[in-house]
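Take a look at the structure below.
The values are calculated or read from the model by the stated rules, or taken from the named source; none is laboratory data. Treat the numbers as computed from the prediction; the structure is a model and nothing was measured. Backbone-built Cβ (ideal geometry, glycine too); neighbour counts: all protein chains shown. Just so you know, the surface numbers come from the protein's heavy atoms only, side chains and all, with ligands and any DNA or RNA stripped out. Shrake-Rupley method; radii C 1.70, N 1.55, O 1.52, S 1.80 Å.
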Amino acid sequence: MAGKVASAVAKVVGEYQYPWREKLAKYKYELSKGVWGYWELGAWKPLGISARRRARLRMEVLMAGQDWPYDPERKEMKTKRKGHKVDRIAAEKRANTAKLMEKMPEMLLDYKKRRWEKKMKEEEKAKEK
């Protein structure tokens, strides 16, 4: 008899300690519809539970060590950096200029060689005439 009373008291105390279980059971269907609301027959319907109460219920569940499956999936982090396009383009141009400056001696030699060949061709044409 005493064991039954103790278990009943423990059950009542346990339920009182975790009132979020009742709330979670009550709003389970509503929470599964979405975070902010849902579309139904072409009209937006807000949730039956307010955002403040939803947040408080979520906090109570998480503080009790349980998981909260009703949060939306997180999107991937954006890899595109913020800032001005002009700054990014200027940095790319500076990097490209540095690469080209490394090739500059070869480019100058090629240019001088082409110019010399062109001059030789013109001289040959002049001799032929």
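Let's see how each residue does on (1) farther than 30 Å from Val35 by Cβ; (2) in contact with a Gly (Cβ under 9 Å, 6 or more places away or on another chain); (3) open to solvent by 100 Å² or more (accessible area, probe 1.4 Å):
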{"position": "Pro72", "(1), (2), (3)": "no, yes, no"}
{"position": "Met77", "(1), (2), (3)": "no, no, yes"}
{"position": "Lys93", "(1), (2), (3)": "yes, no, yes"}
{"position": "Leu100", "(1), (2), (3)": "yes, no, no"}
{"position": "Pro105", "(1), (2), (3)": "yes, no, no"}
{"position": "Asp110", "(1), (2), (3)": "yes, no, no"}
{"position": "Lys113", "(1), (2), (3)": "yes, no, yes"}
{"position": "Lys119", "(1), (2), (3)": "yes, no, yes"}
{"position": "Lys127", "(1), (2), (3)": "yes, no, yes"}
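Residue pairs whose Cβ atoms lie under 7 Å apart, sitting 6 or more positions apart in sequence or on different chains, and linking a residue in the range 40-66 that is of a type in the set (D, E, K, R) to a partner that is part of a strand (DSSP E or B) and open to solvent by less than 60 Å² (accessible area, probe 1.4 Å), are Lys45/Gly37; Lys45/Tyr38.
The lone criterion from (1) over 26 Å from the mean Cα position of the chain (by Cα); (2) on the phi > 0 side of the Ramachandran plot; (3) open to solvent by less than 60 Å² (accessible area, probe 1.4 Å) left unmet by Gly34 is number (1). Exactly one residue out of Lys127, Lys121, Lys93 is of a type outside the set (A, V, I, L, M, F, W, C), at pLDDT 95 or above and part of a helix (DSSP H, G or I), and it is Lys93.
Of the residues making up the range 47-70, those that are at negative phi and either of a type in the set (S, T, N, Q) or exposed (fewer than 10 other Cβ atoms within 10 Å of the Cβ) (or both) are Ser50, Arg52, Met63, Gln66, Asp67, Pro69. Among the listed residues Leu57, Leu47, identify the single one that is of a type in the set (A, V, I, L, M), in contact with a Gly (Cβ under 6 Å, 6 or more places away or on another chain) and under 30 Å from Glu30 (Cα atoms). The conditions single out Leu47.
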